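Here the structure is laid out as structure tokens; the discussion comes afterwards.
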Amino acid sequence: MKDIERDLVLETLAKTGGNRTASARLLGFSIRTLRNKITEYSADGVDVRHPAA
């Protein structure tokens, strides 16, 4: 189940061009929850690209 959620989060981030606010809104997460998930995925070795500053 975690893998499915991770894939959905990563696909949503890709479709929003890395926009975390839009991704969180589409997924029904708070921005804080999304940031925590991104941190968790990065710690697990998943390549989570950060939007350009």
For this session: Answer with yes or no whether Val9 is in a loop (DSSP other than H, G, I, E, B), in contact (Cβ under 8 Å) with a residue 12 or more places away in the chain and surrounded by 15 or more Cβ atoms within 10 Å (Cβ to Cβ).
Result: no
Exercise. Out of (1) loosely packed, with under 11 Cβ neighbours inside 10 Å; (2) touching a His at 6+ places or on another chain (Cβ under 9 Å); (3) hydrophobic (A, V, I, L, M, F, W, C), the odd one out for Met1 is which?
Worked result: (2)
Problem set entry | Members of region 14-53 that are part of a helix (DSSP H, G or I) and either farther than 19 Å from Ile4 by Cα or touching a residue at least 40 places away in the same chain (Cβ under 8 Å) (or both) | Thr21, Ala22, Ile31, Arg32
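Tell me which residues, restricted to region 12-48, are loosely packed, with under 12 Cβ neighbours inside 10 Å and either of a type in the set (A, V, I, L, M, F, W, C) or touching a Pro at 6+ places or on another chain (Cβ under 8 Å) (or both).
Of everything in region 12-48, those that are loosely packed, with under 12 Cβ neighbours inside 10 Å and either of a type in the set (A, V, I, L, M, F, W, C) or touching a Pro at 6+ places or on another chain (Cβ under 8 Å) (or both) turn out to be Ala14, Gly17, Ala43.
FYI, it's all coordinate maths here, none of it is from the lab. Predicted model, so just to flag it, every value in this text is computed and none were measured. Positions of Cβ are generated from backbone atoms using ideal geometry, with glycine treated the same way; all protein chains shown enter the neighbour counts.
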